[in-house]
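Structure, as structure tokens:
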Amino acid sequence: MWASAPTVLVNPEMDKIKIKEALVVEGRYDKNTLSQIIDAPIFVTNGFGIFKDPETLSLLRRAAEQRGLIVLTDSDGAGFVIRNHLKGAIDPALVKHAYIPDVPGKEKRKSAPGREGKLGVEGMEPATLLTALKNAGASFLDETEVGASIAHPTPANPERYDGTNNARPYEAITKTDLYELGLSGRPDSREKRLALQKRLGLPENMSANALLTALNCIISRDGLYHLVKEGTPNVY
């Protein structure tokens, strides 16, 4: 009999663990599991979809160049095919590889186990995922290290748009920022996002959430405000 993956329970009061590198996993369920415990950009390959998706591959290369990339695929044959594809497509010096153990079983949402009968990333316990990332050499950060360690250049005039000029540490770009900048929740938000994506060389078919992940890899929060409001060049 196949064992079902245990339900992953994460204390909502517990702070997520910050990691310098961006991560790439196979699918959205993997991303959901990882995002409950990790504070870092997480990309998905959509399984073998990455083989025919040069735009996403280009985005992964840029993320690797800006902050490093950790590949975390399933431990089955398909996971290694995807991993090997990324190995050949992205500078190895910029990529770390995290591996989960072979654990027989199936995820609760599935009616049957996968072809090889192994749990994927989505079925792993938080402690197992953190161990895999630690073994891969992930750069764990505390609140004060984020700004110094992640490649977020400071604009020439990094003033706050609330009218003050107080210095502040690095801040992640949030959904609220996208709304305030008119990039979401407005009738013309899609057009504004497309214009921004073209300016930054990002794929056109990105949702607002996917854009948010990408922006946090390639531009600072201050840089984004300058770019959208003032058109300041060279801020990413």
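The values are calculated or read from the model by the stated rules, or taken from the named source; none is laboratory data. All values reported here derive from a predicted model rather than from experimental measurement. Cβ placement follows ideal geometry from the backbone for every residue including glycine, while neighbour counts extend to all protein chains displayed.
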Point to revise | Flag if Ser75 is crowded, with 16+ Cβ neighbours inside 10 Å, at pLDDT below 90 and either touching an Asp or Glu at 6+ places or on another chain (Cβ under 9 Å) or not in a helix (DSSP H, G or I) (or both) | key: yes
Study note, to complete from the structure: Of the listed residues (Phe140, Phe51, Phe80), the one being aromatic (Phe, Trp, Tyr) and closer than 23 Å to Ser220 by Cβ is Phe140
**Study point:** Residue list for region 172-214, restricted to those being in a loop (DSSP other than H, G, I, E, B) and surrounded by 15 or more Cβ atoms within 10 Å (Cβ to Cβ)
**Key:** Ala172, Ile173, Leu181, Gly182, Leu183, Ser184, Leu202, Pro203, Met206
Study note, to complete from the structure: Filtering region 82-127 down to residues that are surrounded by 15 or more Cβ atoms within 10 Å (Cβ to Cβ) and part of a helix (DSSP H, G or I) yields Ile82, Arg83, His85, Leu86, Ala89, Leu94, Val121, Glu122, Gly123, Pro126
Exercise for review: Restrict the check to region 89-101 and report whether at least one residue is charged (D, E, K, R) and either modelled with pLDDT under 90 or farther than 17 Å from Ala136 by Cα (or both).
Suggested key: no
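For every residue, the table says whether it meets (1) modelled with pLDDT of 90 or more; (2) of a type in the set (A, V, I, L, M, F, W, C); (3) in contact with a Ser or Thr (Cβ under 8 Å, 6 or more places away or on another chain).
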site	(1), (2), (3)
Glu143	no, no, no
Pro153	no, no, yes
Asp162	no, no, no
Asn165	no, no, no
Tyr170	no, no, yes
Leu183	yes, yes, yes
Lys192	yes, no, no
Check your understanding: Quick one: how many residues across region 41-67 are buried (at least 21 other Cβ atoms within 10 Å of the Cβ) and at positive phi?
Key -> 0
Revision key, fill the gap. Of the residues in region 101-143, those that are over 20 Å from Arg67 (Cα atoms) and of a type in the set (Gly, Ala, Ser) number 8
Review point. Is it true that some residue in region 45-67 is of a type outside the set (S, T, N, Q), in contact with a Leu (Cβ under 8 Å, 6 or more places away or on another chain) and not in a helix (DSSP H, G or I)?
Key: no
